[in-house]
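The values are calculated or read from the model by the stated rules, or taken from the named source; none is laboratory data. Keep in mind that this is a model prediction, so the values were computed, not measured. Here Cβ is always computed from backbone atoms with ideal geometry, including for glycine, and neighbour counts include all displayed protein chains.
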Amino acid sequence: MIEIKNLHAEVEGKKILKGVNLTINSGEVHAIMGPNGAGKSTLSYIISGREGYNITKGDILFDGISMLDMLPEERAAAGLFLAFQYPVEIAGVHMTNFLKAAVNSIRKMRKEEELDALSFLKLMKEKVKKLGVKEEMLKRPLNVDCSGGEKKRNEILQMAMLEPKFAVLDETDSGLDIDALKIVANGVNSLRSPERSFLVITHYQRLLDYIIPDYVHVLSNGKIVKSGDANLAKELEENGYAEFEAA
């Protein structure tokens, strides 16, 4: 599915990633944890194709094909999805219209038939019901006047509508209370399948109580310095990152 090979990257001349190696197979959920400034969000942005990051060495393969020269929209069409740490607000663009445009844009790039209004509404109602999203939220401008939890639920709904092969969740638990965290985690868990993989980036173990990862990795000083199963997250919660910060 995803293979990150000896990835080095810098921003404005500052080295951030210093040789990241990571393989995520179909159906797997991997979590990356680590201290502030370790390079976690940088890794997610580079995977998604965000501008401003200079890759100096290494590669990222998606189903065996390098993504480094692919535009963000091409990566999305290939099956990549990024859930932002801070979802943006877009005044004047209703959630339903945004979702329809996003879904049909992806379908068009894949040379698939676009959904008409009735087909789209049927699909959206199925996803909304499955995820427990209130239909009232679909009538609002995108993320405007939404709580942090509502914004994150909107992100999960977008992911459900787009049905990506590989989803990156960049600190999706940031700013959520326990009830909102459970709702978001339940949404993610409902989308787990043998054909879909996840990379969950988080500071804290609490999210991983609800989204149980297959593997946990510690990213420190631009490199993955330790990997293990879900128990590693509990060890990190108890002991912190002090032993890795000099790695």
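Data for the structure
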| read-out | value |
| --- | --- |
| Single unsatisfied condition, LYS130 versus (1) in a helix (DSSP H, G or I); (2) closer than 30 Å to LYS15 by Cβ | (2) |
| Check on VAL20, in contact with a helix residue (DSSP H, G or I) (Cβ under 7 Å, 6 or more places away or on another chain), surrounded by 14 or more Cβ atoms within 10 Å (Cβ to Cβ), at pLDDT 90 or above and under 21 Å from ASP63 (Cβ atoms) | yes |
| For PHE198: the one exception among (1) in contact with a strand residue (DSSP E or B) (Cβ under 8 Å, 6 or more places away or on another chain); (2) outside any strand (DSSP E or B) | (2) |
| Residue list for the range 224-247, filter: outside any loop (DSSP other than H, G, I, E, B), closer than 23 Å to HIS8 by Cβ and either modelled with pLDDT under 85 or of a type in the set (S, T, N, Q) (or both) | SER227 |
| Evaluation of VAL103 against (1) among the hydrophobic types (A, V, I, L, M, F, W, C); (2) in contact with a strand residue (DSSP E or B) (Cβ under 7 Å, 6 or more places away or on another chain); (3) surrounded by 18 or more Cβ atoms within 10 Å (Cβ to Cβ) (one fails), failing number | (2) |
| Residue satisfying condition, being at pLDDT below 90 and over 26 Å from VAL200 (Cα atoms), within set ALA77, ALA91, ALA117 | ALA91 |
| Of all residues in the range 167-194 being modelled with pLDDT under 80 and of a type in the set (Ser, Thr, Tyr), the one that is surrounded by the fewest Cβ atoms within 10 Å (Cβ to Cβ) | SER174 |
| Members of the range 204-223 found to be within 25 Å of ASN189 (Cα to Cα) and either in contact with a Gly (Cβ under 9 Å, 6 or more places away or on another chain) or outside any loop (DSSP other than H, G, I, E, B) (or both), listed by number | GLN205, ARG206, LEU207, LEU208, ASP209, ASP214, TYR215, VAL216, HIS217, VAL218, LEU219 |
| Hits in the range 68-115 (condition: free of Cβ contacts under 8 Å to residues at least 60 places away in the same chain, within 16 Å of the chain's Cα centre (by Cα) and closer than 20 Å to LYS165 by Cβ) | PRO72, GLU73, ARG75, ALA77 |
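Residue by residue, here is whether (1) part of a helix (DSSP H, G or I); (2) among the basic types (Lys, Arg); (3) closer than 17 Å to ARG196 by Cβ holds:
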{"position": "LYS57", "(1), (2), (3)": "no, yes, no"}
{"position": "ASP69", "(1), (2), (3)": "no, no, no"}
{"position": "VAL88", "(1), (2), (3)": "no, no, no"}
{"position": "ALA91", "(1), (2), (3)": "no, no, no"}
{"position": "ARG107", "(1), (2), (3)": "yes, yes, no"}
{"position": "GLU136", "(1), (2), (3)": "yes, no, no"}
{"position": "GLY149", "(1), (2), (3)": "yes, no, no"}
